[in-house]
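Structure, as structure tokens:
The values are calculated or read from the model by the stated rules, or taken from the named source; none is laboratory data. Not measured: the values here are computed from a predicted model. With ideal geometry, Cβ positions are generated from the backbone for all residues, glycine too; neighbour counts draw on all protein chains shown. SASA here: full protein model, heavy atoms, side chains in, ligands and nucleic acids out. Shrake-Rupley method; radii C 1.70, N 1.55, O 1.52, S 1.80 Å.
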Amino acid sequence: VAVLGFPKYFTPNGDPYNQYWNLKGRNTEYSHNSKIHIFDRYGKLLYSFGPWTEGWDGTFKGNPLMASDYWFVAELVKADGSVRHMQGHFSLVR
């Protein structure tokens, strides 16, 4: 059983802590077809990535975004083809 969660904030400020935002608790139960999409408060898609990568670093087209709340939608695909959806929001703190 995988207990999935997400950090409520992250701080991509150059120190070695909380540099990337990504789901927590993922395991091999979910396939590499899973995707996470990050949106700003207006619904603009900023970044999409797989949960097996480092995650999102708080940039858009290479430029750092301002401190604010951001939203995510995760589509987690299991090996048997079933899909688990998660959504929520978190804060980028500079």
_If a residue must be in contact (Cβ under 8 Å) with a residue 12 or more places away in the chain and either touching a Pro at 6+ places or on another chain (Cβ under 9 Å) or open to solvent by 40 Å² or more (accessible area, probe 1.4 Å) (or both), how many such residues does segment 66-83 contain?_
10
*asked:* Can you go through H37, H89 and tell me which one is open to solvent by 50 Å² or more (accessible area, probe 1.4 Å), touching a Phe, Trp or Tyr at 6+ places or on another chain (Cβ under 8 Å) and modelled with pLDDT of 95 or more?
replied: H89
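Could you check segment 2-24 and list, in sequence order, the residues that are without any contact (Cβ under 8 Å) to a residue 60 or more places away in the chain, surrounded by 10 or more Cβ atoms within 10 Å (Cβ to Cβ) and closer than 21 Å to L92 by Cβ?
G5, N18, Q19, Y20, N22, K24
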*For residues that are at pLDDT below 95 and in contact with a Ser or Thr (Cβ under 7 Å, 6 or more places away or on another chain), scanning just segment 42-65, find the one that is surrounded by the fewest Cβ atoms within 10 Å (Cβ to Cβ).*
G50
*Return yes when S31 is in contact with a Ser or Thr (Cβ under 8 Å, 6 or more places away or on another chain), among the polar types (S, T, N, Q) and either at pLDDT 95 or above or farther than 13 Å from F6 by Cα (or both) and no when it is not.*
no
*Counting only residues that are part of a loop (DSSP other than H, G, I, E, B) and either among the hydroxyl-bearing types (S, T, Y) or under 25 Å from Y17 (Cβ atoms) (or both), how many does segment 62-94 have?*
7
